[in-house]
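Here is the structure we will look at, set down as structure tokens.
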Amino acid sequence: MQTVQIMDALYYFCSYLIVTSGFALHAEERVPLVGSNHVSLKDPSNQTGAILAFRLFLDSAVDTVIMYMDSSVTVALNSSFHCNASGKDYVMTIRASPSDVLKVKNPESVYLNCSADIATEVQNKSNPQMTFEGTYVHTGFVAVELISSQLGLAIITFSVYDSTEFKNSILHNNKSNMLILGEQNIDVRVLRMIRPVDTIFRVIVYCVQVLVTTGFGVKLDLDTVKNTLRRPVAPGIGFFGQYVIMPLVAFGIASLVTADNSFISFGIFVAGCCPGGGASNMYSYLLNGDLSLSITMTTISTIAALGMMPLWVYTLGSLIILEENVQVPFANIAISLSIIIIPLLVGVFLKHKFPKVAECISKALKPVILVSIICFIIVGIISNLFIFPMLKPRIILAGCLLPYIGYILGGIISAICRQPWTKIKTIAIETGLQNTSIAYILLTSSFPAPTGDMASVAPIAISIMTPIPLVLVTIVYLLYQRCSGEKYKKVQKSDTDKHKDNVDENKENLITEKLTTV
């Protein structure tokens, strides 16, 4: 009976060590590491040299390793474990995953040894009532050199094996059957460092956009805008495409193409809820669309974004990701609106007060736009080089589908509503081309780094793929104009002339309908 009680007491003592001691940490010295652990998978009551407790902690008071892209860092670690036999050798392997985000340069494995000193007074200070009496202790230090390649979340896994078993497994090239005595994971966050080129790119974009929008103000005809708003069929079609069709299309793409990654899916959906971008005015002008309608639609969609983006993000968006602290960037939307309205008013002012200056701006507008598009493409690629390793085929597919479907559906709906060709082109461009910078700011401000940057891969991919067909069509159209001599055969019609043509066309249609009725 007494022997049975002694055996039961030994069993419960070992079980207590296994359950409560794993990865213990001196609380007043360091912060606990985030990670999972498996401690003493061997039965310490039957195996000589089995690990009773294994703990590993950083040499600095942090719970996660944080480093930047394309950099190397050395992480200092202290290891400590207790075993029930002295002089026993162990091997601790170190590996990082995923390998495209993080790699372990040196060392990949470390040999450990349990000393002959009995740890009779060693306590687990996260649980002061527990001691490791009667066990042997190992304490050691290891410096792990890590190399990062792209932003993301990674894990360093430390696994402890019996040294003899480890050597035999290497000799026979069979690591699958090795028994893990102890294991711990350490989280690593690889962040993107904001470079000077990123700031330069944003400044260039804002300056060029202000300059070009001022030129559009010179070209803008207020009478045409008034007439458009009196009969807002075209703006209504654009609004329907922008805030009904595009969010639903984006939701469908996010659900079908990138359903396995909720953050990427959410980034696609948010991009589909954004208002029209200022670049749509440039392409409408270059492709001989209705510039006044384009500016009117961009302004309306940007104002409507203050209400429509929260509506979609907090309703349909909650089905993609359950995140309570998603923040709609109202300030950025207001800035985008000011970049549209203020330069336009300046351009209108110059047109009426300084016609000679306005004429010079008008003549230089098309070359400035062409140079701006080229600069946007070059500088945009340079500033977003970090994103290309993360552009998987499915993300590229989503980046193509959203704007291209927008172009097609916008054109089809406007054609069904019997809009003239100039307005069909404009509505199609306005529907497919969106201000994805708002989506980028929403994602990076709502989620911690690097999660926000990882989610913003989707809107960046969309912004890269969106202008490709427009650039190709613009090049073909301008070459056609130049080669055919169309530019010199007829004078380019102003927006007022186009509006008069549309009015005359509508009158003719009404007369035809009345005659048909009679």
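The values are calculated or read from the model by the stated rules, or taken from the named source; none is laboratory data. What you are looking at is a predicted structure, and each value in this text was computed from that prediction instead of being measured. So basically every Cβ, Gly included, is an ideal-geometry build from the backbone, and we count neighbours across all protein chains shown. To get the accessible areas, we keep the full protein, side chains included, count just its heavy atoms, and leave off ligands, DNA and RNA. Shrake-Rupley method; radii C 1.70, N 1.55, O 1.52, S 1.80 Å.
Annotation for segment 392-413: at least one member residue is at pLDDT 90 or above, open to solvent by 20 Å² or more (accessible area, probe 1.4 Å) and over 29 Å from the mean Cα position of the chain (by Cα). Taken over segment 416-447, the criterion of being small (Gly, Ala, Ser), crowded, with 24+ Cβ neighbours inside 10 Å and within 20 Å of LEU337 (Cβ to Cβ) is satisfied by ALA439 alone. Within segment 262-283, being under 14 Å from ILE464 (Cα atoms), assigned to a helix (DSSP H, G or I) and at pLDDT below 90 holds for one residue alone: ALA279.
The single condition from (1) of a type outside the set (Val, Ile, Thr); (2) in a helix (DSSP H, G or I); (3) in contact with a helix residue (DSSP H, G or I) (Cβ under 8 Å, 6 or more places away or on another chain); (4) surrounded by fewer than 16 Cβ atoms within 10 Å (Cβ to Cβ) that LEU179 fails is (2).
Filter segment 275-312 down to the residues that are β-branched (Val, Ile, Thr) and touching a Pro at 6+ places or on another chain (Cβ under 7 Å), then identify the one that is farthest from THR436 (Cα to Cα). Filtering first and then ranking leaves THR296. Screening ASP501 against (1) open to solvent by 20 Å² or more (accessible area, probe 1.4 Å); (2) of a type outside the set (S, T, N, Q); (3) at pLDDT 90 or above leaves a single unmet condition, (3). For segment 99-121, a tally of residues being part of a loop (DSSP other than H, G, I, E, B), open to solvent by less than 70 Å² (accessible area, probe 1.4 Å) and either under 17 Å from PHE141 (Cβ atoms) or modelled with pLDDT of 80 or more (or both) returns 5. Does segment 414-427 include one or more residues that are touching a strand residue (DSSP E or B) at 6+ places or on another chain (Cβ under 9 Å) and modelled with pLDDT of 90 or more? No, that holds for no residue. Look at (1) at pLDDT 85 or above; (2) at negative phi and you find that PHE388 fails only one, number (1).
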